[in-house]
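For reference, the structure is listed below as structure tokens.
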Amino acid sequence: MRTARLRTAHPVPWAGWAALAVGAVLCVIGWYGVSGERFAERQLPYLASCTVPGAALIVAGAVLLAHAGNARAAARIEELYGLLVADEPAGADGSGQAGAAPLATSGELLTLPGGTLWHRADCPLVAGKPEAVPADARDLAGGGLGPCPVCEPPPAARTD
């Protein structure tokens, strides 16, 4: 269930939009002033006082908006991660620790053809697979098979 959170005004996006607006206005004023002057020496004050600071404010506003977008994306990612971590299943003892008990508890051991591990019969990696076959004693003893790290079968178990 999602909880409703309050929408608050963040100052960084507002500062970015304000800097963009003021920079655009300064650039327009500078352009208008420069366009009315015939000689370059009379155009320089408009460039120095309006156009250059206006361009700097536009760049600063764009940087602030990009930073605000990244901060929002990071907050959303952290919120999603929190939802994923909160939905982890509890252990068998109800302690909330996912790895407290093995996932499988069956005594029968199975292996897959061409596989490198042996598993308990109710291991999620082999459960419901028709190609899973019972593991032989020679497979367990020295046939190159190892125990499954998911279901954690006993290391010296044998199927009798």
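Points to keep in mind about this one:
- Between Ala75, Ala19, Ala48, the distinction of being aliphatic (A, V, I, L, M) and touching a residue at least 40 places away in the same chain (Cβ under 8 Å) belongs to Ala19 only.
- Restricted to the stretch 123-138, and to residues there that are surrounded by fewer than 17 Cβ atoms within 10 Å (Cβ to Cβ) and not small (Gly, Ala, Ser), the residue that is modelled with the lowest pLDDT is Arg138.
The values are calculated or read from the model by the stated rules, or taken from the named source; none is laboratory data. Predicted model, so just to flag it, every value in this text is computed and none were measured. Here Cβ is always computed from backbone atoms with ideal geometry, including for glycine, and neighbour counts include all displayed protein chains.
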